[in-house]
1. Scan the stretch 182-192 and give yes if some residue there is in contact (Cβ under 8 Å) with a residue 24 or more places away in the chain, out of contact with any strand residue (DSSP E or B) (no Cβ under 6 Å at 6 or more places or on another chain), part of a loop (DSSP other than H, G, I, E, B) and buried (at least 24 other Cβ atoms within 10 Å of the Cβ), otherwise no.
2. Look through Val74, Val146, Val98 and report the one residue that is more than 19 Å from Cys299 (Cβ to Cβ), crowded, with 22+ Cβ neighbours inside 10 Å, out of contact with any helix residue (DSSP H, G or I) (no Cβ under 8 Å at 6 or more places or on another chain) and of a type in the set (A, V, I, L, M, F, W, C).
3. In this structure, is Ser181 within 16 Å of the ligand (Cβ to nearest atom), assigned by TED's automatic domain parsing to the domain that holds Thr270 and over 15 Å from the mean Cα position of the chain (by Cα)?
4. Return only the number of the condition from (1) over 14 Å from Ser15 (Cα atoms); (2) charged (D, E, K, R); (3) outside the structural domain of Ile297 (by TED's automatic domain parsing) that Glu50 does not satisfy.
5. Just checking, which of Val131, Val139, Val146, Val159 is within 16 Å of the ligand (Cβ to nearest atom) and hydrophobic (A, V, I, L, M, F, W, C)?
6. Within the stretch 57-73, track down each residue that is more than 16 Å from the ligand (Cβ to nearest atom) and touching a Leu at 6+ places or on another chain (Cβ under 7 Å).
7. Run down Leu320, Leu234 and say which single residue is surrounded by fewer than 24 Cβ atoms within 10 Å (Cβ to Cβ) and either closer than 20 Å to Val196 by Cα or not basic (Lys, Arg) (or both).
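The values are calculated or read from the model by the stated rules, or taken from the named source; none is laboratory data. Values in this document were obtained by computation on a predicted structure and should not be read as measured data. Every residue, glycine among them, receives a Cβ derived from its backbone with ideal geometry; neighbour counts consider all protein chains shown.
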Amino acid sequence: MKSLIKKLVETTAPSGYEANIRKVIEAELKGHVDSLTVDPLGNLIALKGEKTADNTTVMLAAHMDEIGLMVTHVDENGFARFTRIGGVFPRNTAGGRVRFLNGAAGVIGMEPHSSLSSVPELEKMFIDLGVSSAKDCPVEIGDVAVFERTFEDLGNRLVSKAMDDRSGVAVLIAALQQIKSTPNQIAAVFTVQEEVGTRGAGPAAFGINPDLAIAIDVTLCGDTPLDNSSQVRLGDGPAVHIKDAGTLADPRVSAWIRQGAKAAKVPFQTSIISRGTTDAYTIQTSGAGVPTSGISIPCRYIHSPSEMVDVRDLENSVKLIVQLLSNQVKL
Ligand SMILES: [Zn+2]
């Protein structure tokens, strides 16, 4: 699991530019699924198990994309101004390093700022690529970058950029590798453009028309000093994700997930968050509607360059999904 997650987080793939990560996932899944296709938006769809008149098609979604930056202007001295791709917060940005799709590296600087204890808006920041003129700048308007930060193995805890949602991607890959046969049809979708408004998952669900769905993503923890915003704790197991700013999970699907966790003997938690949402939002409301819930992986420091997960939560999420999909699914 650790080597898989390292490979996934070290791949550069901001929203809308998922080709690099899609290739890595395809290589991992070859030989473990019945078919692999890419839909018009770039979602990677892996099918496993036959569709029959009386079985259930279960869609599982994990998003491939990560937050990033896009160059909006390069000035005459070669400094690049930028805009955000997804939830990039100024406080997590100052002093950071970025890596462009073309390999160019840069550091984020800011205009003179009167306070040492606050940060200005992104509009007052720029990327310094180590050049002195626009003509020497290795990037131009429209080029995209992600945060550059090495993967750290702290034992049970793993730290990197893009744990949101490469940890969900890793869980879904490992589950597909471990499920030997299924009486259901599994439609595992590695979605695009989640971080800019869950834009990929809805069209994918429309194309698949599943009977029910689960979004696999990260969720906030409330287990650091003075934080009581969530009851979710790192290392205490995957969470059934029942409410966020975009979704109320279908209670039947959530109950089925809880029963599966008990049967698989994995610890589980309940996730309720007031900000943000997941692919469940657009899957649930696609087509004529899809009963949808979520399995969320606890994660600290979400949308910072140092997101932290616990490898035991990833392994328990895999166990849970294998348990759920190896048996006949009926709501
Ligand atoms: Zn996410």
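1. Applying the first criterion (in contact (Cβ under 8 Å) with a residue 24 or more places away in the chain) to the stretch 182-192 yields 182-192.
Pick out the ones that are also out of contact with any strand residue (DSSP E or B) (no Cβ under 6 Å at 6 or more places or on another chain) and you get 182-183, 192.
Of the ones still in play, those that are also part of a loop (DSSP other than H, G, I, E, B) are 182-183, 192.
So of that shortlist, the ones also buried (at least 24 other Cβ atoms within 10 Å of the Cβ) come out as 192.
Yes, there is a match, as at least one residue in the stretch 182-192 is in contact (Cβ under 8 Å) with a residue 24 or more places away in the chain, out of contact with any strand residue (DSSP E or B) (no Cβ under 6 Å at 6 or more places or on another chain), part of a loop (DSSP other than H, G, I, E, B) and buried (at least 24 other Cβ atoms within 10 Å of the Cβ).
2. Details: Val74 fails: out of contact with any helix residue (DSSP H, G or I) (no Cβ under 8 Å at 6 or more places or on another chain); Val146 fails: more than 19 Å from Cys299 (Cβ to Cβ).
From the options Val74, Val146, Val98, the qualifying one is Val98.
3. Taking the combined requirement at face value, the residue does not satisfy it.
4. So the condition that Glu50 fails would be (3).
5. On the way: Val131 fails: within 16 Å of the ligand (Cβ to nearest atom); Val139 fails: within 16 Å of the ligand (Cβ to nearest atom); Val159 fails: within 16 Å of the ligand (Cβ to nearest atom).
Criteria check complete, one pass: Val146.
6. To start, the set of residues in the stretch 57-73 that are more than 16 Å from the ligand (Cβ to nearest atom) comprises 57-59, 69-73.
Residue satisfying the conditions is Val58 alone.
7. On the way: Leu320 fails: surrounded by fewer than 24 Cβ atoms within 10 Å (Cβ to Cβ).
None of the others qualify; the one that does is Leu234.
So that you can scan it fast, the table gives a plain yes or no per residue for (1) among the charged types (D, E, K, R); (2) under 17 Å from the mean Cα position of the chain (by Cα):
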position	(1), (2)
Leu248	no, no
Val266	no, no
Arg275	yes, yes
Thr278	no, yes
Thr282	no, yes
Pro298	no, yes
Ser304	no, yes
Met308	no, yes
